Amino acid sequence: MEATGADRAPFPSAHRKDIIMTTHRSASLRPQIILIDSEADALADLALAASDRLPEISRMLMEEIGRAQIVPAQDLPPDAVAMRSVVRFRDEATGAVRTVTLVYPAEADIAQDRVSILTPVGAGLIGLRAGQSIDWPNVRGKQRAITIEQVIKPGGCHA
C-alpha cells in the first residue's frame, strides 16, 4: 500500500494540519509528485530546521511533501526527480533551458550547477517527472512555469 505525506507524521501535527489545508487548496493546480520515503523524511526534517531562517521556502517544501505520493526507493519511476538527480528543465516564459543537480544545502554550488533543495527552484523540482510542468515562484517571488525535460538519476540512468 502506498502512503502519502498526509498518512505519515514526520513533522508536528500542527504543521501537518496547515500543510494539508494548503495542499487541498492548491493541489489541483500542481501535478502529482512522487517522493522516496526516506528522502521525504529527511526533507521534512531539513525544512523544519530551516523554518526560522527560510520560512517561505520551508513552507513550500513542506507543502510539496504533504501532497506527494510516497514510495520506497525501488518504486520511484526512473523519470522522477529525487535528491542528487541531474535535471534539465525549461523556463516557459523565457524558453531558457537549465541543467542542474538537485542537492542538499551543504552540497550546493551554483557555479557547478548544484542547486539546493532549500531554494525556490529546488523545492519546485523535487518529485516532478519528465514532461510535467509546474507554476512556481522564482528567487524574486515571481511565478513562472517550468517544465522537466529530462531526469538523470545518480549513477547515470536517463529518463
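Coordinate-derived values only; no laboratory data. None of the values given here were measured: they were computed from a predicted structure. Cβ atoms come from the backbone with ideal geometry, glycine included; neighbour counts cover every protein chain shown.
Here are a few things to note about the model shown:
- Using the Cβ-Cβ distance between Asp135 and Gln32 with R0 = 22 Å, the FRET efficiency computed as 1/(1 + (r/R0)^6) comes to roughly 0.90.
- Residue list for region 123-140, given a label point 7 angstrom along the Cα-to-Cβ vector of Glu149 and an amide N cut-off under 15 Å: 130-133
- Taking every alpha-carbon pair under 8 Å whose residues sit at least 6 apart, region 86-152 reaches a relative contact order of 35 percent.
- Pairwise FRET efficiency - Leu48 versus Thr99, Cβ, R0 = 35 Å, nearest 0.05: 0.70
- Sequentially through region 94-111, phi angles give Karplus couplings (6.51, -1.76, 1.60; θ = phi - 60°) of 9, x, 5, 10, 10, 10, 9, 9, 8, 9, 6, x, 5, 9, 5, 7, 4, 5 Hz, Gly and Pro residues having no value and appearing as x.
- When the alpha carbon gyration tensor of region 77-150 is reduced to an equivalent ellipsoid, the three semi-axes, largest first, read 17, 15, 11 Å.
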